[in-house]
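Only one structure is covered here, and it is reproduced in the block below.
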Amino acid sequence: MPATLFLAPDAAGLARAADILRAGGLVAFPTETVYGLGGDARSDRAVAGIFAAKDRPRFNPLIAHLPDLAAAEEFALFDDRARALAAAFWPGPLTLVLPLRPGAGLSPLVTAELPTVAIRVPAHPVAQALLRAFGGPLAAPSANPSGRVSPTRAAHVAEGLSGRIDAILDGGACAVGVESTILGLDGTASLLRPGGLPAESIEALIGPLTTGGNAAKPNAPGQLASHYAPAAAIRLNARDTRPGEIRLGFGPGAAALNLSPTGDLTEAAANLFHLLREADRLAGPGGTIAIAPIPETGLGRAINDRLRRAAAPRG
Ligand code: TXA
Ligand code: MG
C-alpha cells in the first residue's frame with residue numbers, strides 16, 4: 001500500500017476520501033468520541049482490510065455508522081424504545097445493538113455473523129459530511145492497532161496505522177474522548193460498554209439498565225481483559241506518587257499531567273487517551289504511571305472502565 005494520505009476535511013478532501021471508500025479502501029475519520037477506521041460495511045474486502053490493518057481478532061464485530069435514523073433503519077429493526085433513544089441521543093456518542101434487518105446487505109464480517117448489528121450515528125460534522133459524501137454504511141472500529149490506546153487526534157492514528165491504511169481525514173482533537181456507550185436492545189436494555197453518553201442519561205429515559213450483557217454477547221473489549229494498553233505499567237487509585245512514577249492527576253494538586261485540574265469528568269474524558277500516551281512516553285520502558293482516583297459516576301464509569309483495561313495483565 002502507498003504512503004497514507006493526510007486529507008483536510010474540506011470539499012476536496014471529503015470527495016477524495018469518499019472515492020477511496022467506494023474503491024474498497026480504508027479512511028480514518030474523526031468522530032466526537034475517537035477516530036474511526038472506516039471502510040464500506042457492504043464490502044467483504046474492505047471490512048477484511050480493516051481487521052488486517054488493526055490486527056484485530058476476527059470474532060470481534062464492528063459498529064456500522066450511518067448519517068441518521070432513516071438510513072439506520074435500512075440495516076436494523078427499530079422498535080418504539082429504540083426510536084425514542086435515537087430521537088433523544090442521535091446524532092451522538094450512543095451505539096445501539098439491534099436485530100439485523102434481513103437482507104440488509106452488510107458484510108457478514110461486520111456482525112461476525114451474529115443476528116444483531118451495532119449501529120451508531122455520529123455527531124461530528126466531518127463524520128456526517130463523509131457519510132453523506134460516501135452514501136452508504138461505514139464499518140469503523142477505533143483507528144488504532146488492536147489492544148492499544150484509542151486515537152483522539154489525527155497524529156495518534158498516524159502513529160499506529162501509517163502505511164497500513166489509505167488516508168486520514170484530519171478533524172483535530174475529539175471533543176468527547178472516550179468511545180460511544182454501547183446499549184444492547186435485543187431484549188432487556190443492557191449496558192454492554194460504558195462510554196461517552198452517561199448511563200444515567202439513558203436510564204432517565206427508559207429506566208434501569210442491566211449490565212454484563214447476555215449469553216449472545218460476543219467478545220467485546222470487556223471480555224478482552226487487556227485493552228487500551230500503554231507500554232508502561234499502570235497503578236490505579238494512586239493517592240500518592242512513588243519514586244520514579246509518572247503521575248496522571250485528577251482534580252487539584254501537583255501533577256505534571258492532569259486529566260482535569262478542576263475535577264471535571266467531561267474534560268477528563270476528552271484528555272484521557274492523549275495524556276495516557278504522554279504519560280507512557282515520559283514513563284519509558286519498564287516505567288509506571290500512577291493514576292489518581294476518578295469518581296465512578298457519569299463519564300467516570302467510561303474513564304474507569306478504560307483505565308482498568310489499561311492496567312490489566314497483558315496477554
Ligand atoms: O465511539 C465509538 O464507538 C468508536 C467510533 C469510531 O465510532 N468505535 C468503536 O468501535 O469503539 P470498536 O470496534 O473499537 O468497538 C465496537 C464494540 C466492540 O466491543 C464490539 O464487540 C461491539 O462494539 N459490538 C459490535 N457489534 C456488536 C453486536 N452485534 N453485539 C454486541 N456488541 C457488538
Ligand atoms: Mg477500539
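Values of log10 I(q)/I(0) for the range 233-311 across q = 0.16, 0.24 Å⁻¹ run -0.49, -1.17, by the Debye formula with one identical scatterer at each alpha carbon and no solvent. Entry note, the chain: relative contact order of 20 percent, from Cα contacts under 8 Å with a spacing of 6+ residues. Within the shell defined by Cβ-Cβ distances under 13 Å, the residues around Ala53 carry a net charge of +3, with Lys and Arg each +1 and Asp and Glu each -1.
Electrostatic bookkeeping for Arg239 treats Lys and Arg as +1 and Asp and Glu as -1; over the other residues with beta carbon under 13 Å from its beta carbon, the sum is +1. With 0.36 nm allotted per residue and the present C-alpha distance subtracted, the Arg22-Ala112 stretch has 30.2 nm of extension available.
From the largest down, the range 5-211 spans 45, 35, 32 angstrom on the principal axes of its Cα atoms. Taking 0.36 nm per residue of separation and subtracting the current Cα-Cα distance, fully stretching the chain between Leu77 and Asp10 would add 20.7 nm.
Springs join every pair of Cα atoms under 10 Å in this Gaussian network model of the chain, and among Leu161, Leu100, Leu114 the largest mean-square fluctuation is at Leu114.
Using the Karplus relation 6.51 cos²θ - 1.76 cosθ + 1.60 with θ = phi - 60°, the per-residue 3J(HN,Hα) values for the range 44-50 come to 4, 5, 5, 5, 4, x, 4 Hz, with x marking Gly and Pro. Taking a sphere under 12 Å around the Cβ of Thr33 and counting the other residues whose Cβ falls inside, with K and R at +1 and D and E at -1, yields a net charge of +1.
In this Cβ point-charge picture (+1 for Lys and Arg, -1 for Asp and Glu), the chain has a dipole of about 760 debye about its Cα centre.
Give me the number: length gained by fully extending Ala312 to Ala155, i.e. 0.36 nm times residue separation minus the C-alpha to C-alpha distance, one decimal in nm.
Computed gain between Ala312 and Ala155 is 53.9 nm.
Between Ala133, Ala87, Ala229, the residue with the greatest mean-square fluctuation in the GNM of the chain (Cα pairs under 10 Å linked by springs) is Ala87. Which part of the range 286-312 falls in the paramagnetic zone of Ala84, meaning amide N under 12 Å from the point 7 Å along Cα-to-beta-carbon? Counting backbone N atoms under 12 Å from the label point, the list is empty.
All of the numbers you see were taken from the coordinates with simple rules; none came from a lab. Values in this document were obtained by computation on a predicted structure and should not be read as measured data. Positions of Cβ are generated from backbone atoms using ideal geometry, with glycine treated the same way; all protein chains shown enter the neighbour counts.
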